[in-house]
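Worksheet for the structure shown next.
The values are calculated or read from the model by the stated rules, or taken from the named source; none is laboratory data. Given the structure is predicted, the values throughout are model-derived calculations rather than measurements. Note that each Cβ is placed from the backbone with ideal geometry, even for glycine, and that neighbours are counted across all protein chains shown.
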Amino acid sequence: MATVDDTAVTLSTSDILLWLTGSRQLPAVGFSSPIKVHFYNDPLPHVSTCGLYVELPVGKLQHARSSVKVLTGWILDSPGFGHV
């Protein structure tokens, strides 16, 4: 559970999986490659559902407590693959 704007929010693994891959469940045969995580200096994250990678901004994730809030916000604010 995380707190976003003083509101308790619970993310499920399917919420995170949807944000990273565009699907709420693991493929029956698994992914073609592991999900890669890169860190860089940009204000917003980039997620490639086809390339199976996420690029996270280093500057926004310096402190553990604020990082949970920031990551949760990004996941909740993302409409999901095909829901734009």
Is there any pair linking a residue in the stretch 16-32 that is within 24 Å of Leu44 (Cβ to Cβ) to one that is among the small types (Gly, Ala, Ser), with Cβ under 6 Å and at least six apart or on different chains, and which?
-> Leu18/Gly80; Trp19/Ser78; Arg24/Ser14
Leu18 versus (1) at pLDDT below 85; (2) touching a Gly at 6+ places or on another chain (Cβ under 7 Å): which is the lone unmet condition?
-> (1)
Pairs only if they're at least six apart or on different chains, beta carbon under 9 angstrom, first in the stretch 57-84 and of a type in the set (S, T, N, Q), second part of a helix (DSSP H, G or I) and at pLDDT 65 or above; list them, first residue then second.
-> Ser78/Leu18; Ser78/Trp19
Which one of these is modelled with pLDDT of 90 or more, in contact with a strand residue (DSSP E or B) (Cβ under 7 Å, 6 or more places away or on another chain) and not in a helix (DSSP H, G or I): Val54, Val29, Val47?
-> Val54
